[in-house]
Amino acid sequence: MSDREIRREGGPDRGRYALDLGGGAEAELTWVARGDTRIATYTGVPRAFEGRGHAAALVAAMVEDAKSEGFRIVPACSYVALWARRHPEAATHFV
């Protein structure tokens with residue numbers, strides 16, 4: 001799992017969670033807002049950084065925001081859908 005700080009970027013309609021991996025590389029999870037949901041559209045980690053928990057950290061950050069801000073997540077991205085299946089304790093935050 002990453003110990004780097006995840007940045008939350010964007011506005012009320014769309015945004016992303018980004019993680020600086022060093023050397024100009026970054027991981028990201030993008031989303032689009034629709035009503036009281038955020039549609040997770042894409043999660044990407046550069047190949048050289050895969051398998052280190054970076055994508056999971058991005059999804060976990062989105063779930064924490066869902067808890068505190070009251071939105072639900074639509075897992076349109078296959079990785080987010082997989083993460084949701086692996087974490088049934090977070091099911092109330094997904095559509």
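The values are calculated or read from the model by the stated rules, or taken from the named source; none is laboratory data. This is a predicted model, so every value here is computed, not measured. Heads up, the Cβs are rebuilt from the backbone with ideal geometry, glycines too, and the neighbour counts pull from every protein chain shown.
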In segment 7-26, which residues are more than 10 Å from the chain's Cα centre (by Cα) and closer than 16 Å to F49 by Cα? L19, D20, L21, G22, G23, G24, A25, E26
Against the definition (under 10 Å from the mean Cα position of the chain (by Cα) and at pLDDT 95 or above), how does G51 come out, yes or no? no
Is it the case that segment 22-41 has a residue that's touching a Cys at 6+ places or on another chain (Cβ under 9 Å) and surrounded by fewer than 17 Cβ atoms within 10 Å (Cβ to Cβ)? yes
Among the residues of segment 46-61, the number that are touching a residue at least 24 places away in the same chain (Cβ under 8 Å) and not in a helix (DSSP H, G or I) is 3
If we keep only residues of segment 11-21 that are of a type outside the set (S, T, Y) and modelled with pLDDT of 95 or more, then the residue surrounded by the fewest Cβ atoms within 10 Å (Cβ to Cβ) is D13
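Looking only at segment 69-83, count every residue that is in contact (Cβ under 8 Å) with a residue 24 or more places away in the chain and surrounded by 13 or more Cβ atoms within 10 Å (Cβ to Cβ) and tell me the total.
10
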Are any residues in segment 1-45 among the aromatic types (F, W, Y) and without any contact (Cβ under 8 Å) to a residue 12 or more places away in the chain, and if so, which ones? none
